[in-house]
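Have a look at the structure below, then the notes.
The values are calculated or read from the model by the stated rules, or taken from the named source; none is laboratory data. A quick note: this is a predicted structure, and the numbers were derived from the prediction, not measured. Cβ atoms come from the backbone with ideal geometry, glycine included; neighbour counts cover every protein chain shown.
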């Protein structure tokens, strides 16, 4: 099985990559939907926190109306229960930008025409813990691409492979791009190694212990 994970940055020869892929995964606004339209995307990962939600849900509806997206499963990248807890913890610490973690229900209209799935609390919590161990600040969150990459890695077998396209590791300042650019890599057939194993020895020596206390409080 070959996976193709497509970000929203420009990329040449996407169709050449898509024709070799069994599973295509796009994200948020799916800016490559028209280019990839001859090859059905099985999944779209989207953020369900903050202002971008309205924009990308509107755009993927337009893509569908134009026949560029068929019937992919829409996976919401932010588990509401986890991010509500994270927001409350941020408020308790008087960190002023905690509103960025507020889940929104604006995606619900998509459920009329699309199959919607939600990242589990355990998956969100596990990824948060690993990213914090690698140095992510408490007022940051993994990007949608990082969530999708982690989701794929949990499914890869030794017979699977992964290609990446359209990633620049730039954007919203609260995503830990400096960490993600060293993590998100292609995976070849016969190489089944979960990404976090490669970074176990790279934990910051003065890692913030408050996250571990938060985990215990759950």
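Here are some notes:
- The residues of region 43-77 that are in contact with a strand residue (DSSP E or B) (Cβ under 8 Å, 6 or more places away or on another chain) and more than 18 Å from residue 5 (Cβ to Cβ), listed by number, are 48, 49, 53, 57, 71.
- Filtering region 6-19 to residues that are touching a residue at least 24 places away in the same chain (Cβ under 8 Å) and either under 11 Å from residue 163 (Cβ atoms) or surrounded by fewer than 19 Cβ atoms within 10 Å (Cβ to Cβ) (or both) leaves 6, 9, 10, 11, 14, 15, 17.
- Test: residue in region 73-80 that is part of a helix (DSSP H, G or I), modelled with pLDDT under 95 and more than 27 Å from residue 31 (Cα to Cα): no
- The residue pairs whose first member lies in region 150-161 and is on the phi < 0 side of the Ramachandran plot and in contact (Cβ under 8 Å) with a residue 12 or more places away in the chain, whose second member is crowded, with 18+ Cβ neighbours inside 10 Å and assigned to a loop (DSSP other than H, G, I, E, B), and whose beta carbons are closer than 8 Å, counting only pairs six or more residues apart or on different chains, are 150/142; 151/119.
- Filter pass, residue 124 being in contact with a helix residue (DSSP H, G or I) (Cβ under 6 Å, 6 or more places away or on another chain), modelled with pLDDT under 85 and surrounded by 13 or more Cβ atoms within 10 Å (Cβ to Cβ): no
- Inside region 93-110, residues that are in a loop (DSSP other than H, G, I, E, B) and either within 17 Å of the chain's Cα centre (by Cα) or modelled with pLDDT of 75 or more (or both) make up a count of 2.
- Residue ID - nearest to the chain's Cα centre (by Cα), chosen from residues in region 113-136 that are in contact (Cβ under 8 Å) with a residue 60 or more places away in the chain and under 20 Å from residue 91 (Cβ atoms): 128
- Exactly one residue out of 70, 90 is at pLDDT 85 or above and over 20 Å from residue 144 (Cα atoms): that is 70.
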